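Since the structure comes first, as structure tokens, the remarks are kept for the end.
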Amino acid sequence: MPALHKPVVAICLVLVVACASNKEPPTYRDTDTPMGATSRFDAQAFAGEWILAASFAPARTEPVRVTFVPEVPHIRIASDEAPQIAGVYREGLPGELVPVGVKGERLIVMWVDEDYDTAAVGTLSGSFGAVLDRDGVLAADRARAARDIFSFYGWDVAELKRTKP
């Protein structure tokens, strides 16, 4: 190989590695579709333990427990299994959780049933979406409602997978 080509090959390799390391996370929704949050979000009612009943790929094989603890004026989400949403949030618009002090995405509570037993949550980018349930035994009507909400907001519901209860 001529000496002139070696630097060009090296630069190409560096660019390929840089592009590979800056790979965007997968997205499961059409971001051109508007996405809304439930206007009846109540941080106090949302507080407590949830089980990830369904999520977008990579699907979890075990339940993910997410604990919401309202703090004045913050909400803390703790989950070793879903680190992409773990952190401290403040309420933005109703149903919108805005990360505090760290780089992260807003978490949108798109829907929650009347008794706060099941919720559909996700990020605007579509990199994270999940159906949360209080006991992990997701009733068929609530599963269908959550799936319909995801579909309405442009999510690829064919990628929504149940986790083991």
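With a 1.4 Å probe and every protein chain left in place, work out the accessible area per residue of the range 9-161 in Å², rounded to a whole number.
Values: 8160 Å² over 153 residues.
Ligands and nucleic acids excluded, the result is 53 Å² per residue.
Would you mind telling me the share, in percent, of accessible area of the range 34-165 contributed by carbon and sulfur at probe 1.4 angstrom? Walk me through the intermediate numbers first.
On the way: 3430 of 6430 Å².
The computed percentage sits at 53.
Along Cα→Cβ, 7 Å out, is where each label goes; now give me the distance between the ones at V72 and R40 in nm to one decimal.
2.8
What are the ³J(HN,Hα) couplings of the range 119-128, residue after residue, when phi is run through the Karplus curve with 6.51, -1.76, 1.60 and θ = phi - 60°? Round to Hz, x for glycine and proline.
Once rounded to whole Hz, the list reads 9, 10, 10, x, 9, 4, 6, x, 7, 9.
In whole Hz, what ³J(HN,Hα) sequence does the range 97-109 give by Karplus (6.51, -1.76, 1.60; θ = phi - 60°), x for Gly and Pro?
10, 9, x, 10, x, 9, 6, x, 9, 5, 9, 10, 8
Go through the range 102-156 and name the trypsin sites (Lys or Arg not before Pro) that are in a DSSP coil and have 13 or fewer other Cβ atoms within 10 Å of their Cβ. Working shown, then result.
Values: sites: K103, R106, R134, R142, R144, R147; in loops: K103, R106, R134.
Answer in residue order: K103.
Could you tell me the calculated FRET efficiency between R90 and A139, based on Cβ-Cβ distance and R0 = 25 angstrom, to the nearest 0.05? Walk me through the intermediate numbers first.
Numbers: r = 31 Å, r/R0 = 1.26.
Calculated value: 0.20.
Would the range 25-101 count as rounded, prolate or oblate if I go by the C-alpha gyration tensor, calling it rounded below 1.5 in a/c and otherwise prolate when a/b exceeds b/c, oblate otherwise?
Values: a/c = 1.72, a/b = 1.15, b/c = 1.50.
The shape class here is oblate.
The values are calculated or read from the model by the stated rules, or taken from the named source; none is laboratory data. Note that the structure is a prediction, hence the values are computed from the model and not measured. Cβ coordinates were reconstructed from backbone atoms using ideal geometry, including for glycine residues, and neighbour counts include every protein chain displayed. Remember, those area values only see protein heavy atoms, side chains included, never the ligands or the DNA or RNA. Shrake-Rupley method; radii C 1.70, N 1.55, O 1.52, S 1.80 Å.
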